[in-house]
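**Q** Mind having a look at this structure? Questions to follow.
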């Protein structure tokens with residue numbers, strides 16, 4: 001089935017899911033889906049956008065979707081993996097990534113995390129000089145093959161969403177390049193440590209315009225050239241340019257605009273494509289977001305103060321950013337009949353509310369769509385990253401299942417379970433039920449007021 005028609009593919013996926021019980025009003029009222037074929041097409045567009053004369057590792061930012069079978073699928077499609085915690089590193093290894101295809105970021109790496117990464121040979125983007133001191137102490141005792149580079153904050157400004165911008169003057173990330181004395185300090189640390197063979201930057205993601213991203217990368221390429229000139233040799237061999245391509249959340253464009261991204265870099269930082277440097281990217285949202293959606297049955301409908309409201313199972317539990325920052329993270333929502341077919345008819349302004357017990361748990365307000373009825377389905381679009389894959393455990397709502405969908409030559413859908421619906425037993429374990437032994441039961445009652 002044509003991967004360019006995402007809306008038609010969603011409808012077929014929903015129809016098949018309801019027919020086969022992968023989405024069920026009684027037992028599975030909420031589920032997320034990833035269109036695997038469309039993801040593969042998007043990754044092909046990413047690879048084609050970069051010139052063939054340079055070596056590029058496209059490392060998926062696992063924070064965007066850290067479900068292990070999803071990461072394994074991206075590995076099979078040729079991607080590396082960027083991680084930002086001990087947990088994400090464990091997930092990347094469980095997904096089968098070779099350590100040399102893993103890049104470890106994080107502004108707060110512990111000594112244990114650093115030792116593990118260095119033992120494995122995982123590449124490290126070093127956030128600050130204190131972290132570099134730790135690494136040098138560890139490597140002095142146990143040599144490592146890990147590629148090492150300092151994360152640079154080029155301090156070129158922020159985009160429309162400040163929380164998604166990491167190159168402001170006082171960002172928590174990286175070594176600020178323009179603070180007094182820091183450029184010379186950076187050059188001195190590279191000169192003193194021949195094992196520093198990379199530089200890294202990440203200007204930001206959603207809300208950051210391409211010229212801003214290009215300007216930040218240009219400054220880091222210039223820095224890499226200066227390091228190599230001072231060293232009198234090719235010390236820096238790789239430039240990690242981060243991710244950050246903004247995603248179009250307003251249309252069903254079938255591919256991310258990687259061509260425009262590369263064109264901007266060719267204009268802003270042409271030396272990046274000279275062949276003198278290998279390149280690492282860390283795209284996340286732009287790889288998966290548009291090729292996933294989250295579907296929920298409408299449990300109830302009501303009219304309150306003249307406002308139509310649909311109560312669904314998709315709220316802050318799977319759309320945390322949208323509920324708490326609706327202006328920065330609006331979502332498109334589509335209305336479907338119980339069999340998954342998209343609804344038609346007159347448009348009525350409706351609130352699409354979630355199940356969480358606070359008044360603000362609304363994913364869309366006064367959204368014009370065909371009138372929703374009890375038993376209908378709503379689909380939250382462009383949620384392949386940071387939504388169902390990163391659930392919020394408010395009210396102890398079970399994590400929903402996540403399915404991968406592929407199409408055969410006849411247009412028939414095959415589903416793969418990427419994450420099972422959380423069982424009640426697993427939910428209880430996560431909340432400490434296994435600790436309720438005779439030794440723990442009732443222990444609070446033995447603590448008397450005033451006793452020490």
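The values are calculated or read from the model by the stated rules, or taken from the named source; none is laboratory data. Every value quoted in this text rests on a predicted model; they were computed, and no experiment measured them. A quick note on method: Cβ atoms are made from the backbone with ideal geometry, for glycine too, and the neighbour counts reach across all protein chains shown.
**Q** Among the residues of region 271-295, which ones are crowded, with 19+ Cβ neighbours inside 10 Å and more than 22 Å from the chain's Cα centre (by Cα)?
**A** Scanning region 271-295 gives 272, 277.
**Q** On the given criteria, is residue 224 buried (at least 17 other Cβ atoms within 10 Å of the Cβ) and assigned to a helix (DSSP H, G or I)?
**A** Yes.
**Q** Okay, moving on. Just give me the residues in region 16-27 being touching a residue at least 40 places away in the same chain (Cβ under 8 Å) and either on the phi > 0 side of the Ramachandran plot or surrounded by 18 or more Cβ atoms within 10 Å (Cβ to Cβ) (or both), in sequence order.
**A** 16, 17, 18, 22, 23
**Q** Does residue 401 meet the test of being crowded, with 17+ Cβ neighbours inside 10 Å, in contact with a strand residue (DSSP E or B) (Cβ under 6 Å, 6 or more places away or on another chain) and farther than 22 Å from residue 36 by Cβ?
**A** Judged against the criteria, residue 401 is not a match.
**Q** Please go through region 229-246 and pick out each residue that is out of contact with any strand residue (DSSP E or B) (no Cβ under 8 Å at 6 or more places or on another chain) and surrounded by 17 or more Cβ atoms within 10 Å (Cβ to Cβ).
**A** Once the filter is applied, which keeps residues that are out of contact with any strand residue (DSSP E or B) (no Cβ under 8 Å at 6 or more places or on another chain) and surrounded by 17 or more Cβ atoms within 10 Å (Cβ to Cβ), region 229-246 yields 245, 246.
**Q** Filter region 105-144 for residues that are within 22 Å of the chain's Cα centre (by Cα) and assigned to a helix (DSSP H, G or I); which is surrounded by the fewest Cβ atoms within 10 Å (Cβ to Cβ)?
**A** In this case the residue turns out to be 113.
**Q** Considering only region 340-348, I want to know if a residue exists there that is in a strand (DSSP E or B), more than 22 Å from the chain's Cα centre (by Cα), free of Cβ contacts under 8 Å to residues at least 40 places away in the same chain and surrounded by fewer than 18 Cβ atoms within 10 Å (Cβ to Cβ).
**A** Yes, the conditions are met somewhere in region 340-348.
**Q** If you check 72, 64, which single one turns out to be buried (at least 16 other Cβ atoms within 10 Å of the Cβ), out of contact with any strand residue (DSSP E or B) (no Cβ under 7 Å at 6 or more places or on another chain), in the same structural domain as residue 273 (by TED's automatic domain parsing) and closer than 23 Å to residue 333 by Cβ?
**A** Going through 72, 64 in turn, just one is buried (at least 16 other Cβ atoms within 10 Å of the Cβ), out of contact with any strand residue (DSSP E or B) (no Cβ under 7 Å at 6 or more places or on another chain), in the same structural domain as residue 273 (by TED's automatic domain parsing) and closer than 23 Å to residue 333 by Cβ: 64.
**Q** Looking at region 114-133, I want the residues that are more than 18 Å from residue 197 (Cβ to Cβ) and have a partner that is at pLDDT below 95 with Cβ atoms under 7 Å, at least 6 apart or on another chain. Which pairs are those?
**A** Taking only residues 6 or more apart or on different chains, the pairs are 128/175.
**Q** Continuing with the same structure: May I ask you to list the residues in region 1-21 that are over 17 Å from residue 380 (Cα atoms) and at pLDDT 95 or above?
**A** 16, 19, 20, 21
**Q** Here is a follow-up. Go through region 247-270 residue by residue and tally those that are buried (at least 16 other Cβ atoms within 10 Å of the Cβ) and in a helix (DSSP H, G or I).
**A** The qualifying residues number 6.
**Q** How many residues, within region 293-329, are farther than 21 Å from residue 374 by Cα and either in contact with a helix residue (DSSP H, G or I) (Cβ under 7 Å, 6 or more places away or on another chain) or not assigned by TED's automatic domain parsing to the domain that holds residue 401 (or both)?
**A** 1
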